[in-house]
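Everything below concerns the one structure shown next.
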Amino acid sequence: MQGGKWVIAMKLFISADIEGCAGLAIPAEAHKQEAAYRPFAQEMTQEVLAACEAARDMGAAEIVVKDGHGDASNIDPLQMPDYVRLIRGKSGHPYNMMWGIDQSFDGVLYIGYHAPAGNPEFAISHTSTGNSLYIRLNGMYMSEFLMNTYTAASLGVPAVFLSGDSAVCSLARQQVPAIETAVTKAGVGGATICEPRHMVLERIRQGVKKALAKDLSACRVQQPEQFTYEVTFKDWKKAYQMSFYPGMEQVDTFTIRLVTGRWMDVVTAHCFVVY
């Protein structure tokens with residue numbers, strides 16, 4: 001019981017990235033070897049904490065956080081509360097940013113997400129790496145949000161909340177209409193219009209609370225029966241090399257394609273061909 005009200009204990013999964021966090025606008029700020037990186041790793045930590053605290057207020061008994069950026073050692077583990085388990089580092093499993101999720105979770109939340117490769121509404125839009133010009137999944141530009149939401153859907157876990165730039169928030173609402181979002185900034189060409197940090201943190205807190213107050217099953221996604229996964233690379237030599245991945249065909253000089261009915265085939269291929 002909290003505040004005189006009975007609450008249902010939830011088990012939640014948080015997948016966190018850095019490019020969609022407040023203020024970050026240029027590649028150097030997302031790269032650990034650069035002097036500009038450290039404040040944004042701290043901001044990533046604070047945005048994850050805001051989501052965790054709000055979820056705890058709404059009855060989350062267990063929260064697993066997956067650090068999903070770069071080498072996955074960005075979030076400060078010493079700042080995590082005792083009800084949070086933080087997964088750092090890369091296991092090598094194809095779930096990547098979602099490694100650690102299973103059917104036991106009630107919902108997944110995304111923090112610090114960003115627009116996909118091919119989207120002009122955020123200066124450093126990309127999908128997983130900078131190697132692709134864009135990636136299409138069943139004709140849609142594939143964001144890390146879309147990919148990870150299908151991973152969650154394959155396990156029956158709904159995607160209930162996302163924070164990030166305005167472009168990925170808009171895409172998330174199109175793809176999961178019941179999802180709650182919190183905008184951290186907006187992009188125009190090579191510029192980024194940043195929202196004040198305290199406002200972003202409050203949006204995350206209130207957005208998470210609103211998301212968890214609803215029927216989470218409304219955010220459950222139905223996967224298609226077949227997937228057409230296409231990567232258009234910036235470098236034709238990379239396209240040629242990756243066309244030899246089992247099941248791939250080369251569509252044109254820069255594009256390869258995989259058609260399958262198994263989601264695991266898609267995420268496994270993705271982990272090999274775009275890195």
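Side notes on the structure shown:
- ALA239 vs. criteria in contact (Cβ under 8 Å) with a residue 24 or more places away in the chain and either open to solvent by 80 Å² or more (accessible area, probe 1.4 Å) or not hydroxyl-bearing (Ser, Thr, Tyr) (or both): no
- Count of region 159-208 residues which are within 25 Å of ARG220 (Cα to Cα), in contact with a Ser or Thr (Cβ under 8 Å, 6 or more places away or on another chain), open to solvent by 10 Å² or more (accessible area, probe 1.4 Å) and among the charged types (D, E, K, R): 2
- Verdict on ALA41 being open to solvent by less than 30 Å² (accessible area, probe 1.4 Å), aliphatic (A, V, I, L, M), at pLDDT 95 or above and assigned to a loop (DSSP other than H, G, I, E, B): no
- Check on VAL108, closer than 19 Å to VAL160 by Cβ, aliphatic (A, V, I, L, M), over 15 Å from the mean Cα position of the chain (by Cα) and crowded, with 17+ Cβ neighbours inside 10 Å: no
- Residues being assigned to a loop (DSSP other than H, G, I, E, B) and in contact with a Lys or Arg (Cβ under 6 Å, 6 or more places away or on another chain) - total across region 13-32: 1
- Test: THR255 is among the hydroxyl-bearing types (Ser, Thr, Tyr) and surrounded by 17 or more Cβ atoms within 10 Å (Cβ to Cβ): yes
- Some residue of region 170-181 being assigned to a strand (DSSP E or B) and within 16 Å of the chain's Cα centre (by Cα): yes
- Out of PRO116, PRO94, one residue alone is of a type outside the set (A, V, I, L, M, F, W, C), out of contact with any strand residue (DSSP E or B) (no Cβ under 7 Å at 6 or more places or on another chain) and closer than 22 Å to MET264 by Cα. It is PRO94.
- Residue among GLY156, GLY59 that is under 24 Å from ARG205 (Cβ atoms), surrounded by fewer than 19 Cβ atoms within 10 Å (Cβ to Cβ) and not basic (Lys, Arg): GLY59
- A residue that is within 18 Å of GLY164 (Cβ to Cβ), in contact with a Pro (Cβ under 9 Å, 6 or more places away or on another chain) and in contact (Cβ under 8 Å) with a residue 24 or more places away in the chain occurs somewhere in region 207-219.
The values are calculated or read from the model by the stated rules, or taken from the named source; none is laboratory data. The structure displayed is predicted, hence computed values, not measured ones. Note that we place each Cβ from the backbone using ideal geometry, even for glycine, and neighbour counts take in every protein chain shown. Protein only, heavy atoms only, side chains kept; ligands, DNA and RNA dropped before computing areas. Shrake-Rupley method; radii C 1.70, N 1.55, O 1.52, S 1.80 Å.
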